[in-house]
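Notes follow once the structure below has been shown.
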Amino acid sequence: MRLQVSWLRDYVDWNGSVEELAHTLTRLGIEVESVNYVGIAAAKIVIGVILDVERHPNADRLRVCRVFDGRTTRQIVCGAPNVQQGQRVAVALPGAELPEGLTIEHRTIRGVESEGMICSERELGIGDDHAGIVAFDGDIAPGLPLSELFPPDVVLEISITPNRADALSHFGIARILAAAVGHKAQLPHVRIADAFTAPCTIELPYPDLCQRYAARVLQNVTIAPSPLWMQRRLERAGIRPRNVVVDVTNYVMLECGQPLHAFDFQTIQSGQIIVRLARQGESLTTLDGIERALDPTMLCIADVERPLAVAGVMGGVDSAITEATTQVLLESAYFAPASIRRTAKTLGLQTDASYRFERGADIEMIPYALDRAAALIAELTGASVSTALDVYPHPRTPKELSVRIERAKRILGVGLRSSEVKSALIRSGFALTEERPEQITVRVPSYRADISQEIDLIEEIAIAQGYEAIPASSEASVPYAARRIPEHLQLPTRRAEIRRWLADVGFYEALSFTLQDPQTLLDAERALELTNPLGRERSVLRQWLLPSMVEILSRNARYGADSMRLFEIGKVFFASSTGGEHHATEHEHLVLAVAGRHGRRHWLESHRWVDFYDLKGAIEALGKRFRLNLQWQPAESPEATAEWLVAPVMEILCDGRAIGFAGQIAPRLARRWDIPEAAFLAELALEPFYHIAGTLPHYQAPSPYPAVERDLALIVDRSLPAQAVVETIQQSGGELLRSVEPFDVFEHPSLGEGRKSIALHLTFASGARTLTDAEVERAIERVLDAVASRHGAQLRTS
């Protein structure tokens, strides 16, 4: 929400600085995300009128304008393509300082004197448009300082938690602030002289869904733009001004938090308002021009014939305020939060009104908001106002809660007196109903829907005391029912070990959304799709992490990163293919990416791009760290990754079972996402890492006796992976074989068609004695027999 400091000061006496205000609000639980200075403070920026425009004699794209600034006529050179005679424009006079720091001077531009500058929105700091100058309405007097049209102000972007509906307005924030500083927040006094009896009726057949509905009718309304001061406040709150009636309803909502709606009263049949559930087959074209099908779970505002609005969400086109409107019905109501939330989600439509109704508006603010809006419209348009109709079938009984002094002291860990507790709660808006030495009972104000139990009152006491004023103490005791986290909710401890290890070897962790675009699915038939997604690009639960990592690589590359080593650990989700009790399965995956340059530039090392073996080495080192036997082989069916990775894609196996894949990003995809083509990605399931035995590695002392080394060159089929040969040698070499390392691959027609030669380095050793040649030869014979029988391998002798 955007909080305007000048508007806030209408309701509370605050004389502190903006920095103090931001700190105080944050301390009170209202997070301030940003502080923005808006408006125009410079004194020498005024409205001017362009008298005539001529071509610049020495530049085709420049124009020479004569501008009247309210006192004198000036010659100004302007390069904007939209400059025209008769426009009212913003003129920065010599000596004016623009928001970006530019000081305007009397200058000569291509041989022509220029006595100022005609400004664009961006140059003035009032918008982002820089394509041309900004033009104003023709009825603004030349010479008027722009600081009167755009008064300087400070706008705080604040974040409101879902439970604090009372903070969704300027008065709501003022009320919170006033309680903290010991002042009182006050809304403007409203007085209405009722001119006539309301010519309408209200029916509430579903009082559980619409608990209160109030209305006034205004006659002789003239639809015109709202005053500039109101337009500026709405614009700075992010709402586009429309007309005086609609602007007043939005203004009052931002002021006191109560959403309002205005109907063209002449479109309401028989003057009868019925708040009912929609009927099967009914539809309504809402104010955004979209025809929406309604269902019987949706509450609507209707007359005797048809729906007029989706209650608490958006009005309809047929009853909207237009330039022809002369009679207006103002609505101020309370709708059940769950009903509005369900309707807004079903329709995929969230508005400022539904946002507030979903969180629980203040039911007792309804009459004030209605009167305030009616009085403003009457003041601005000269309309007459009817008496108020206020249908409230079951008035709420104020809630009462008690707080025990000893419990508050125990939880907060500070000494508290009964008088301090009472004072803190009264300042926060609670009414005292009973006071005893050991307990205080208060009445909860209607706007505090978030206060429902004793612990909430203790939190209010802590806020009133100030969290920073509560010292660290071992006396604080917060009871916690779950002494032990259930095993199925515990995070795998090995996940943290993997994260630490990857960070230690130079990888940076990334985080991405669990929701993805349906086009990224691996198996569309097993997709888990949201019923009411915010948008198609985030409408399904992800089935793999690689698409998100591609997005992250792209974002970092566009920011100028030229060497990237990233990883993410996250869950993937599939609909169950077997049915039964569980409708979905989830697994935890790891995705790794290396892209761009290999490490940072260094004057001692020549530059190189990363390659597949940088990624493969990291994965193998990770496997060794956690004592997993990982193997590699070409993927048998790489179609699933064909759009993302270029062939050949390698499959990663653990004890013969496929757990992942690795490969290079497809060049077409790399160009589209602005990623270096030297980008390699791998994704693997983490279950094998989580399920390995937690035994500690054993130390094995190096042999004190010399090792014996032999090289073998074996001729095998070209399609046979070297890893298969290595595994066969390891299995058949016996206990004396210490290591097998392939170090060369050779292909030549002399080897035979479809054949290749793999050279391997074998190391033999014993911890008890020096090996003899005979022992080593016997082991070599076993190896040759095994590779010949399993793979048809032949010993290459030349």
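Quick look at the values:
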quantity	calculated
Spherically averaged projected area of the range 373-456 from its Cα convex hull (nm²)	8.4 nm²
Protein accessible area in the range 366-421, 1.4 Å probe - carbon and sulfur %	51 percent
Whole-Å distance, taken between Cα centres, linking the range 19-80 and the range 698-731	77 Å
Per residue convex hull volume, Cα atoms of the range 247-364, in Å³	101 Å³
Cα-based reach from Lys422 at 13 Å (exclusive), listing aspartates and glutamates while leaving out same-chain residues under 8 positions away	Glu434, Glu435, Glu438, Glu460
Diffusion constant of the range 698-798 at 4 °C, which comes from Stokes-Einstein with the Kirkwood Cα-pair radius and 1.567 mPa s, µm²/s	91 µm²/s
Distance in nm between pseudo-label sites at Ile455 and Thr73 (7 Å out along the Cβ direction from Cα)	7.7 nm
Sparse-neighbour loop sites [GluC sites (Glu not before Pro); the range 387-441; at most 14 other C-beta within 10 Å; DSSP]	Glu438
Accessible surface, the range 380-450, averaged per residue in Å² (probe 1.4 Å)	51 Å²
Point-charge dipole on Cβ atoms (K/R +1, D/E -1) for the chain, about Cα centre, debye to 20	880 debye
Heavy-atom accessible surface of the range 681-739: percent carbon and sulfur, 1.4 Å	53 percent
Paired Rg and Dmax values of the range 492-648, which use every Cα atom, in angstrom	17.6, 62
At most 11 other Cβ within 10 Å, DSSP loop - trypsin sites (Lys or Arg not before Pro), the range 742-798	Arg769
Cβ-defined net charge surrounding Glu651, 12 Å radius [Lys, Arg +1; Asp, Glu -1]	-1
Accessible area in square angstrom per residue, the range 167-252, 1.4 angstrom probe	43 Å²
Estimated 222 nm signal from helices in the chain, with DSSP H stretches of n ≥ 4 weighted -39500 (n - 2.57), rounded to 500	-7500 deg cm²/dmol
Cα-derived Rg over Rh, computed across the range 339-409 with Rh taken as Kirkwood radius	1.15
Distribution of pairwise C-alpha distances over the range 277-330, 5 Å bins, in %	5, 20, 31, 25, 12, 5, 2
Around Arg668: net Lys/Arg minus Asp/Glu count, Cβ-Cβ under 15 Å	-1
Cα gyration tensor category, rounded, prolate or oblate, for the range 645-755 with a/c compared to 1.5	oblate
Ellipsoid semi-axes in whole angstrom, largest first, where each is sqrt(5λ) of the Cα gyration tensor of the range 638-681	23, 10, 7
log₁₀ of I(q)/I(0) at q = 0.33 Å⁻¹ - the range 110-160, Debye sum with one point per alpha carbon	-1.29
Total charge dipole magnitude, the range 1-87, about the Cα centre, Cβ charges on Lys, Arg, Asp, Glu only, Debye to nearest 20	520 debye
Mean-position separation - Cα centroids, the range 228-242 and the range 606-623, in angstrom	56 Å
Proximal charge balance of Arg404 [Cβ under 15 Å; K/R count +1, D/E count -1]	-4
Overall Cα dimensions of the range 10-106, principal axis frame, Å, largest first	62, 28, 23
Those chymotrypsin sites (Phe, Trp or Tyr not before Pro) in the range 657-754 that DSSP places in a loop and that have at most 11 other beta carbons within 10 Å	Tyr699
Most positive-pole-ward Cα, Ala174, Ser739, Leu457, against dipole of the chain from beta carbon charges	Leu457
Cα pair distances in the chain, grouped into 20 Å bins until the bin that holds the longest one, percent each	11, 28, 32, 18, 9, 1
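The values are calculated or read from the model by the stated rules, or taken from the named source; none is laboratory data. Just so it is clear, the structure is predicted and the values come from calculations on it, not from any experiment. With ideal geometry, Cβ positions are generated from the backbone for all residues, glycine too; neighbour counts draw on all protein chains shown. Accessible surface is based on the protein model in full, side chains and every heavy atom, while ligands, DNA and RNA are left aside. Shrake-Rupley method; radii C 1.70, N 1.55, O 1.52, S 1.80 Å.
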